[in-house]
Structure formats: C-alpha cells, structure tokens
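Just below is one structure, and these are the notes that go with it.
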Amino acid sequence: MTSPLRLSLVGDYRASAVAHQAIPLAIERAAVHLNIRVEPKWLPTDTLDLQTIKQSDAIWVVPGSPYKKDDAVFTTIRWARENNKPFLGSCGGFQYAIIEYARNVLGWHDAHHAETDQGGRMVIAPLSCSLVEQRGDVTFKAGSRLASAYGTLQNNEGYHCNFGVNPEFSAALEGRNLQITSWDRAGDVRGIELNDHPYFVATLFQSERAALQNKNSPLVIAWLQAALAAR
C-alpha cells in the first residue's frame with residue numbers, strides 16, 4: 001500500500017482560530033475526494049526544524065501571523081520555493097510568501113510587514129477595511145492554477161485579516177515568475193502563484209473555511225494533487 005502523504009502545517013496552532021478548526025477538516029475531505037491517505041503534522045514555528053520540512057511531501061504555511069518565530073517561517077517558504085516543494089499559503093502564509101519573494105527574488109531587502117516592522121518598504125500594509133471574519137467576492141485570472149482548481153473565474157471567500165499587499169507595490173511584484181492571479185472587487189491582490197514552480201499558490205482568503213460548510217476546498221485538493229504528482 002502506498003504510504004500516506006506527509007503534510008507539514010507550519011504555524012502556531014490555536015484551537016480558537018476558525019481557520020485552524022477548518023484545516024484538518026479540509027485536508028480530510030480532500031483526501032477522501034482523492035481516495036488517498038495523508039499524514040498532516042502541525043509544526044510550531046518556535047521549534048521548527050528545516051530537516052522535518054525537507055522530509056515532507058507538501059508544505060502549508062497556515063494563518064496565524066505574526067508567528068512566534070518569523071525567521072523560521074521565511075526560511076521554510078524560501079526552501080519550498082527554491083526546491084519545488086508543493087506549497088500552499090493562506091492569510092498569514094500569503095503575506096509572508098509575498099515578503100520572502102520580495103526580499104530574496106526581487107532583492108528588496110527592506111521589504112517589511114506593517115504588523116511587525118517599521119520603516120523600509122511596507123509591502124504588506126493595513127487593509128483599507130478590516131476583513132476579520134468577513135466574506136467577499138474574488139476573481140481569478142483565466143488560465144491560472146486558481147481558476148483551474150475552482151473551475152470558474154470567481155468565487156465568494158472568507159477572511160480573517162487586517163493586512164494585505166500594499167497597492168503601491170502590486171505592479172512591481174509581477175514581471176519575473178510571480179503572477180497575481182486573484183483580486184477582490186476593488187482590484188486589490190487576493191492571490192498569487194509562481195509560474196516556474198510545480199505548485200506554489202498563496203491567497204489572502206482562507207479557502208479551507210469551505211470545510212466548515214461541508215464543502216471541499218479546491219485549493220487543498222489541488223495542493224494534494226501536486227504532492228502526489230511530485231512524489
């Protein structure tokens with residue numbers, strides 16, 4: 001029998017976090033949908049070991065920023081990006097993936113997150129309107145991995161965040177291998193992916209919340225499919 005997929009869930013678990021309640025359910029539903037076995041493991045950031053990450057089949061940087069050890073999260077994201085490991089980021093994972101890319105690919109060494117830093121380029125900045133426990137419509141770029149996963153060019157998604165991509169830097173983030181592939185109604189960035197990576201997708205919205213409505217998360221399914229293909 002094929003061994004289960006080893007899934008690294010990078011983040012500091014909180015039972016009260018809605019996304020953390022949804023993630024195990026979303027993974028379970030996706031595994032049933034694909035008829036596969038999975039072995040998810042929560043990895044707290046303050047004890048995060050890159051060797052453990054390297055042994056996993058796929059990585060998900062989950063919501064819950066700021067993390068107890070931000071540097072470990074950035075190291076994990078960079079390793080996944082540079083080593084073609086299937087990667088999913090949601091909410092905080094999306095925000096940190098943007099900063100890691102800005103620093104290590106674009107060379108913006110002063111790229112920062114307004115929640116934890118001061119000065120430099122505030123690539124992640126406060127949202128004009130809070131999205132804590134809010135829902136909103138998003139659109140997907142035709143031909144993108146997001147559009148392919150959902151099978152549509154729009155959906156309604158849930159959030160729990162106060163920070164997102166600073167519109168001043170949106171255009172400059174694109175141009176190499178990063179594509180912005182999801183937006184809200186106002187045109188603000190809601191999802192990105194790397195076009196030279198087997199599967200590197202990150203969204204500000206929390207697609208895992210679908211499981212709390214007894215629905216599958218298309219992104220979790222696509223993430224597991226990428227892990228199967230990589231194996």
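Taking the conditions exactly as written (of a type in the set (Val, Ile, Thr), in contact with an Asp or Glu (Cβ under 7 Å, 6 or more places away or on another chain) and under 25 Å from SER130 (Cα atoms)), does ILE180 satisfy them or not? Yes; evaluated as a whole, the condition is true for this residue. Since LEU228 meets every condition but one in (1) in contact (Cβ under 8 Å) with a residue 24 or more places away in the chain; (2) surrounded by fewer than 19 Cβ atoms within 10 Å (Cβ to Cβ); (3) within 20 Å of VAL105 (Cβ to Cβ), which condition does it not meet? For LEU228, the failing item is (3). Return yes or no: is PHE205 under 18 Å from TYR96 (Cα atoms), assigned to a loop (DSSP other than H, G, I, E, B), in contact with a strand residue (DSSP E or B) (Cβ under 6 Å, 6 or more places away or on another chain) and not polar (S, T, N, Q)? Taking the combined requirement at face value, the residue satisfies it. Taking ALA80 as the residue in question, decide whether it is out of contact with any Leu (no Cβ under 7 Å at 6 or more places or on another chain) and either surrounded by 15 or more Cβ atoms within 10 Å (Cβ to Cβ) or assigned to a strand (DSSP E or B) (or both). For ALA80, the condition - out of contact with any Leu (no Cβ under 7 Å at 6 or more places or on another chain) and either surrounded by 15 or more Cβ atoms within 10 Å (Cβ to Cβ) or assigned to a strand (DSSP E or B) (or both) - is met.
Restricting attention to the stretch 143-156, does a residue exist that is more than 23 Å from ALA114 (Cα to Cα), without any contact (Cβ under 8 Å) to a residue 24 or more places away in the chain, β-branched (Val, Ile, Thr) and touching a strand residue (DSSP E or B) at 6+ places or on another chain (Cβ under 8 Å)? Steps first, answer last, please.
So the first thing to find is which residues in the stretch 143-156 are more than 23 Å from ALA114 (Cα to Cα), and the list is 143-156.
Checking the rest, the ones that are also without any contact (Cβ under 8 Å) to a residue 24 or more places away in the chain come to 143, 152-156.
The next check asks that each one be β-branched (Val, Ile, Thr); those that pass are 152.
Pick out the ones that are also touching a strand residue (DSSP E or B) at 6+ places or on another chain (Cβ under 8 Å) and you get 152.
Within the stretch 143-156, one or more residues are more than 23 Å from ALA114 (Cα to Cα), without any contact (Cβ under 8 Å) to a residue 24 or more places away in the chain, β-branched (Val, Ile, Thr) and touching a strand residue (DSSP E or B) at 6+ places or on another chain (Cβ under 8 Å).
Based on this model, can you work out whether GLY191 counts as closer than 17 Å to GLY92 by Cα and either assigned to a strand (DSSP E or B) or modelled with pLDDT under 95 (or both)? Quick ask: steps written out before the conclusion?
Working: closer than 17 Å to GLY92 by Cα: yes; either assigned to a strand (DSSP E or B) or modelled with pLDDT under 95 (or both): yes.
When the stated conditions are applied, GLY191 passes them.
Counting only strands (runs of 3 or more DSSP E) that sit completely within the stretch 94-142, those holding 2 or more residues that are of a type in the set (S, T, N, Q) correspond to 134-140.
Residues in the stretch 1-55 that are closer than 23 Å to SER65 by Cα, basic (Lys, Arg) and in a strand (DSSP E or B): LYS41 alone.
The values are calculated or read from the model by the stated rules, or taken from the named source; none is laboratory data. None of the values given here were measured: they were computed from a predicted structure. As a convention, Cβ positions derive from the backbone with ideal geometry for all residues, glycine included, and neighbour counts pool all protein chains shown.
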